[in-house]
Amino acid sequence: MNTYKIAVIVGSLRKDSFNRKLANAIIKLAPPEFSFKQVQIGDLPLYNQDDDENQAEPVKRLKAEIKDADGLLFVTPEYNRSIPGVLKNAIDHASRPYGQSVWPGKPAGVLGASIGVIGTAMAQQHLRNVLAYLDVPTLGQPEAFIQAKEGLFDEAGNIGANSKGFLQGWMDRYVAWVKKHVG
C-alpha cells in the first residue's frame, strides 16, 4: 500500500484559529495511508528578492517540507476578501528564486472557515488563481466554504455531526485527487 505525505498549510497564525481547528479535525477523516504535517509559516521573514541567493533557514525548511510532500492541504481564513499576507508570503518564498519553485505538480485541496455565511469563498478563489499560476493541480469540487458556528466541532475537537457527512465527502474526493496525481 502506498503512503501519502501531505503538507498542511494553515493561513492563520492565531492560536485559537478556526482554520487550525478545521485542519486538525479534517485530517482525522483521511484514510490511514495518509499522513499530515502542518508546515510552520509564522517564522518566515518577509519575502525580498535580494535574499533569493541566501535564503533564511526557515525558508529552506519550508521549501524542504513542501518538496518532500506528495500533496498539499491549504486551510485558510479570509482577510479583506483575500488570502492572509502570511500565506502569500509563504507561497512566494517557496516559489523562488525563479525556476526553483517547489510547488509544481503537487496536488492540492483548498478549504477554509469563517464566521461569515460565505465562509472563505473569496480567499479560496484568490488562492486558486495563485496556485494555477504555480502549476499546482487543485481540487475543484466540491468547494468547501464553511461557516464557523456552533456545532462545527464537537467537544473533542472533531468535525461535528451536522458537518461530518459533507466534510467526509470532501476528504474522500481529496484523497482520490491526490492518488490520481501521485499515482
* **Among the candidates Lys67, Lys63, Lys28, residue that is closer than 27 Å to Gln141 by Cβ and not β-branched (Val, Ile, Thr)** => Lys28
* Asked: Any chance region 133-146 includes a residue that's more than 20 Å from Asn19 (Cβ to Cβ) and hydrophobic (A, V, I, L, M, F, W, C)?
  -> yes
* Structure fact -> Quick count over region 89-128, residues being in contact with a Phe, Trp or Tyr (Cβ under 8 Å, 6 or more places away or on another chain) and either part of a loop (DSSP other than H, G, I, E, B) or small (Gly, Ala, Ser) (or both), is 15
* To do: Scan region 145-178 residue by residue and report those that are out of contact with any Gly (no Cβ under 9 Å at 6 or more places or on another chain), of a type in the set (D, E, K, R) and in a helix (DSSP H, G or I).
  => Lys164, Asp172
* In region 73-86, how many are buried (at least 16 other Cβ atoms within 10 Å of the Cβ) and in a helix (DSSP H, G or I)? -> 1
* Asked: How about region 27-57: which of its residues are touching a strand residue (DSSP E or B) at 6+ places or on another chain (Cβ under 6 Å), farther than 23 Å from Pro84 by Cβ and among the hydrophobic types (A, V, I, L, M, F, W, C)?
  -> Phe34
* Would you check if there is a residue in region 76-83 being over 12 Å from the mean Cα position of the chain (by Cα) and of a type in the set (A, V, I, L, M, F, W, C)? => no
* Give the residues of region 76-90 that are under 15 Å from Val110 (Cβ atoms) and either in contact with an Asp or Glu (Cβ under 6 Å, 6 or more places away or on another chain) or among the small types (Gly, Ala, Ser) (or both), sorted by residue number. => Ser82, Ala90
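Any chance region 145-159 includes a residue that's touching a His at 6+ places or on another chain (Cβ under 8 Å) and in contact (Cβ under 8 Å) with a residue 24 or more places away in the chain? Spell out how you get there, then give the answer.
Of all residues in region 145-159, those touching a His at 6+ places or on another chain (Cβ under 8 Å) come to none.
There is no residue in region 145-159 that is touching a His at 6+ places or on another chain (Cβ under 8 Å) and in contact (Cβ under 8 Å) with a residue 24 or more places away in the chain.
Condition (residue is touching a strand residue (DSSP E or B) at 6+ places or on another chain (Cβ under 6 Å) and of a type in the set (D, E, K, R)) applied to region 87-105: is it met by at least one residue? Full working, then the answer.
Restricting attention to region 87-105, the residues satisfying the condition of being touching a strand residue (DSSP E or B) at 6+ places or on another chain (Cβ under 6 Å) are none.
No, there is no match, as no residue in region 87-105 is touching a strand residue (DSSP E or B) at 6+ places or on another chain (Cβ under 6 Å) and of a type in the set (D, E, K, R).
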* Asked: Which residue pairs have Cβ atoms under 6 Å apart, sit 6 or more places apart or on different chains, and have a first residue in region 88-116 that is surrounded by fewer than 20 Cβ atoms within 10 Å (Cβ to Cβ) and a second that is modelled with pLDDT under 95?
  -> Ile115/Ala148
* If you check every pair at least six apart or on different chains, which have Cβ atoms under 6 Å apart with a residue in region 1-22 that is free of Cβ contacts under 8 Å to residues at least 60 places away in the same chain first and a residue that is part of a strand (DSSP E or B) second? -> Arg20/Val10
* Asked: If the Cβ limit is 7 Å and pairs must be 6+ apart or interchain, which residue in region 57-76 that is more than 18 Å from Leu131 (Cα to Cα) and free of Cβ contacts under 8 Å to residues at least 12 places away in the same chain pairs with which residue that is acidic (Asp, Glu) and surrounded by fewer than 15 Cβ atoms within 10 Å (Cβ to Cβ)?
  -> none
* What residue, among those in region 118-166 that are among the aromatic types (Phe, Trp, Tyr) and under 22 Å from Val178 (Cα atoms), is surrounded by the fewest Cβ atoms within 10 Å (Cβ to Cβ)? -> Tyr133
* To do: Mind listing just one residue for me: the one in region 13-72 that is basic (Lys, Arg) and closer than 15 Å to Pro97 by Cβ and, of those, surrounded by the fewest Cβ atoms within 10 Å (Cβ to Cβ)?
  => Lys60
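The values are calculated or read from the model by the stated rules, or taken from the named source; none is laboratory data. Fair warning: this is a prediction, and the values are worked out from it, not measured in the lab. No Cβ is skipped: glycine too gets one built from the backbone with ideal geometry, and neighbour counts run over all protein chains shown.
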